[in-house]
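A.B. asks: I'd like to ask you about the structure that follows.
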Amino acid sequence: MDSEKRKMLIKMAIEQLDFSYTPYSNFKVGAALLAKNGTIFTGCNIENAAYTPTNCAERTAFFKAVSEGVTEFEAICIVGGQDGVLSEFAPPCGVCRQVMMEFCDPEGFEILLAKSTEDYLVYTLAALMPMGFGPGNLA
């Protein structure tokens, strides 16, 4: 993916921090998910007092996409930080990585972790989820 597309995803993920609902941790996360058809789905983390029903920004974006019939993806950008300050990279949790395994090619799907449009890292899903379990394991 070219750098302009990456910067666009980063900007959209950062915008999602404004919608993050984090009254307990104050750790805000935003995500922008690029589908192979060019559509971008966004998400933010949504906490819950019972903790278990909390939903990560990445899964929010994936579930929005799938609920609209989109199941093929190219890349996701994830940003996050305490009080929305992007002072560190915010990698996806294990549950989010597993959701990515359901819908993404581990070798081709890009995961961008960003602190700004100039300061970001790019990984493949395979790099962040070695020996991941996916649909192919059940075939």
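Throughout, read-outs are computed from the coordinates displayed, never taken from laboratory work. Quantities reported herein were computed from a predicted structural model and do not represent experimental measurements. Cβ coordinates were reconstructed from backbone atoms using ideal geometry, including for glycine residues, and neighbour counts include every protein chain displayed.
A.B. asks: Pairs needed: first member in the range 56-77, more than 14 Å from I10 (Cβ to Cβ); second member anywhere, charged (D, E, K, R) and not in a helix (DSSP H, G or I); C-beta distance under 6 Å; at least 6 residues apart or different chains.
C.D. replies: Close Cβ pairs (under 6 Å, with a partner that is charged (D, E, K, R) and not in a helix (DSSP H, G or I)) amount to E72/K36; E74/K36.
A.B. asks: Specify the residue that is farthest from G136 (Cα to Cα); the eligible residues are those in the range 57-73 that are in contact with a strand residue (DSSP E or B) (Cβ under 6 Å, 6 or more places away or on another chain) and buried (at least 19 other Cβ atoms within 10 Å of the Cβ).
C.D. replies: Looking at residues that are in contact with a strand residue (DSSP E or B) (Cβ under 6 Å, 6 or more places away or on another chain) and buried (at least 19 other Cβ atoms within 10 Å of the Cβ), I get A57.
A.B. asks: Let me spell it out: the conditions are (1) among the aliphatic types (A, V, I, L, M); (2) more than 17 Å from E15 (Cα to Cα); (3) out of contact with any Leu (no Cβ under 7 Å at 6 or more places or on another chain), and I111 meets all of them except one. Which number is the exception?
C.D. replies: (3)
A.B. asks: Can you tell me which residues in the range 108-134 are out of contact with any Phe, Trp or Tyr (no Cβ under 8 Å at 6 or more places or on another chain), touching a residue at least 24 places away in the same chain (Cβ under 8 Å) and of a type in the set (A, V, I, L, M, F, W, C)?
C.D. replies: V122, L128, M129, F133
A.B. asks: Next question. Within the range 74-96, can you find the residues that are more than 9 Å from the chain's Cα centre (by Cα) and surrounded by 14 or more Cβ atoms within 10 Å (Cβ to Cβ)?
C.D. replies: E74, G80, G81, G84, L86, F89, A90
A.B. asks: Mind counting the residues in the range 44-74 that are within 13 Å of P92 (Cα to Cα) and in a strand (DSSP E or B)?
C.D. replies: The qualifying residues number 2.
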